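Step one of this worksheet: look at the structure below.
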Amino acid sequence: MKSNEAGLPIVFVHGMRVSGTMWRPVIQALGERHPIAAPDLPGHGARRGEPFTMPGAVAAVIDAVDQLGGRALVVGLSLGGYVAVATAAAHPDRVLGLMAMGCTALPRGVFGAVYRGAGRLAAGHPEEFNRLSAFAFRRALPRPQADAMVAGGLSSEAVPSIVEEVREMNPLASLAAYPGPVWLVNGERDHFRRHERRFLDACRDGRLTIRPRCGHITSLTDTADLTRQVRDAAAVVTARTYGVAHQGRAR
């Protein structure tokens with residue numbers, strides 16, 4: 001965790017089977033201006049072995065927000081995006097803004113069945129799935145980002161419970177309940193963008209950004225550009241919340 005009272009607090013929420021370390025390159029690029037936390041969700045990283053539940057994940061994010069002063073911009077990718085959406089709906093007074101990346105798909109129907117099948121495979125052979133995941137990260141991402149993805153360990157055994165928890169949530173209703181600004185960010189080639197327009201329509205104050213030529217995790221490849229997007233969102237939230245003039249482009 002990094003702290004500097006001058007900047008808007010930011011909480012980063014990691015994806016499925018990885019840990020808070022996945023955000024290390026972005027956190028380093030942001031520097032010392034913002035208080036930052038990247039907690040491990042239940043069943044991941046330092047909390048590997050704990051059962052994953054959505055309420056437990058939301059509680060982990062809120063604990064991190066409270067450590068940074070009680071209100072923050074929350075940024076999540078994949079599972080982290082779904083958790084961030086649930087957190088914003090449950091605690092709108094604590095989430096000043098929401099950036100939800102790679103999580104605009106409703107895991108229902110055929111897509112949900114594939115999602116659930118992958119979960120069963122991961123649970124049946126977790127260590128093999130961990131090795132395959134690490135290999136895939138290293139093939140898809142530059143070395144610093146790939147190293148960050150695996151630095152906290154991998155937790156494929158948690159995948160089935162994660163899948164069921166995400167399948168049970170209603171992200172459209174959660175977005176409709178949240179009054180704050182929302183940034184939906186998807187890679188152009190991300191299979192999780194299939195319902196992005198429905199997600200955008202559900203937002204009271206939403207905007208959608210597509211990252212060209214990016215897939216689900218390769219949105220992390222260009223750290224400088226992603227960091228700029230986070231900074232822009234933080235500037236917008238700061239101006240709206242505190243009436244502070246800001247520079248930079250909101251997207």
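Readers should treat all values here as calculations from the given coordinates under stated rules, not as data from a laboratory. Worth saying up front: this structure is predicted, and the values here are computed from it rather than measured. All Cβ positions, even for glycine, are placed from backbone atoms using ideal geometry, and neighbour counts span all protein chains on display.
Helix 159-168 axis versus longest C-alpha principal axis of the chain: approximately 60°, rounded to the nearest ten.
Considering the dipole of the chain built from charges on the beta carbon (Lys and Arg +1, Asp and Glu -1) around the Cα centre, which of L30, L208, L121 is farthest to its positive end? About the Cα centre, the residue reaching furthest to the positive side is L208. The calculated FRET efficiency for R143 paired with A46, based on their beta-carbon distance and R0 = 22 Å, is about 0.40.
A protection proxy built from the mean count of other Cβ atoms within 10 Å ranks the segments 230-243, 83-96, 200-213, most packed first, as 83-96, 230-243, 200-213. Counting charges near D147 (Lys, Arg +1; Asp, Glu -1) among other residues having Cβ under 12 Å from its Cβ returns a value of +3. Over the residues of the chain, the helix contribution to mean residue ellipticity at 222 nm works out to -14000 deg cm²/dmol, using -39500 (n - 2.57) for each DSSP H run of at least 4.
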